[in-house]
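Comments concern the structure below.
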Amino acid sequence: MPVTILSISQKEAAEIVEAIVRKASVDGGLPIAVAVVDATARLVAFAAMDGVVPASIKLSQSKAYSAVVGQKDTMHRASFPKSNETVDFDMRNWTDDNFSGFTGGVVITIFGTIIGGIGVSGRKEKMNMTETTMQDNELGMYGNSIFENNNAKPAINGCMKGTNDVHYPE
């Protein structure tokens, strides 16, 4: 029996990465790294702006991965209440070294199904409401809006007997 996975295409992922980098390059903020993963959390597209902090390269990929594996935007985990009475929710404590609880990971959905994730890293959260540069999570949400506004048709990757055929829904 074939397995069908609704997933973002490489072309769509590359368009999201390009749009986020273009937006980040004109707002005067720090350089960023951007990653897009598919529905199985595998890297599909990536870019790092000149001068980005090296840690942001791995973090952007971890944020995208974490959004898909955790099935929600990472900002929901970053804002998880901390308490001395409970163990912090950090997937690294549960054996997944790739998981990140930092903001900047955004799920990409269509028809209510997660088809990929966006991870952006390189900028801190806003210190006050007057800041005009877009931060990691805002840039991720911007990339998601680009996907939604394009009314993209996601690729359905059907794996049957070792083949990987791509079909598009009508």
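Values quoted throughout were computed directly from the atomic coordinates according to the rules given, and no laboratory measurement underlies them. In this text, all values refer to a predicted model and were calculated from it rather than measured experimentally. Virtual Cβ from ideal backbone geometry, glycine too; neighbours counted across all protein chains shown.
At-a-glance table
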| quantity | calculated |
| --- | --- |
| Pairwise label distance in nanometres, Glu148 with Lys124, each label 7 Å out on the Cα-Cβ vector | 3.0 |
| Förster radius 25 Å - calculated FRET efficiency between Thr133 and Lys58, Cβ distance, rounded to 0.05 | 0.65 |
| Fully extended contour minus Cα-Cα distance, from Asp50 to Arg22, at 0.36 nm per residue | 8.8 nm |
| Amide proton proximity set for Ile115, modelled H, under 5 Å, gap of 5+ | Ile108, Thr109, Ile110 |
| Extension reserve of the Leu30-Lys72 stretch, reckoned as 0.36 nm per residue once the Cα distance is removed | 12.5 nm |
| Spin-label zone in the stretch 21-58 - amide nitrogen under 19 Å from a point set 7 Å from the Cα of Asn98 along the C-beta vector | 33-48, 55-58 |
| Theoretical gain in end-to-end length, Val3 to Phe111 [0.36 nm per residue, Cα-Cα removed] | 37.1 nm |
| Built amide H within the under 5 Å cut-off of Val44, gap 5+ | Val36, Val37, Asp38 |
| In sequence order, calculated HN-Hα J values of the stretch 6-22 (Karplus, 6.51, -1.76, 1.60; Hz; x Gly/Pro) | 7, 8, 5, 7, 5, 4, 5, 4, 5, 5, 5, 4, 4, 5, 5, 4, 4 |
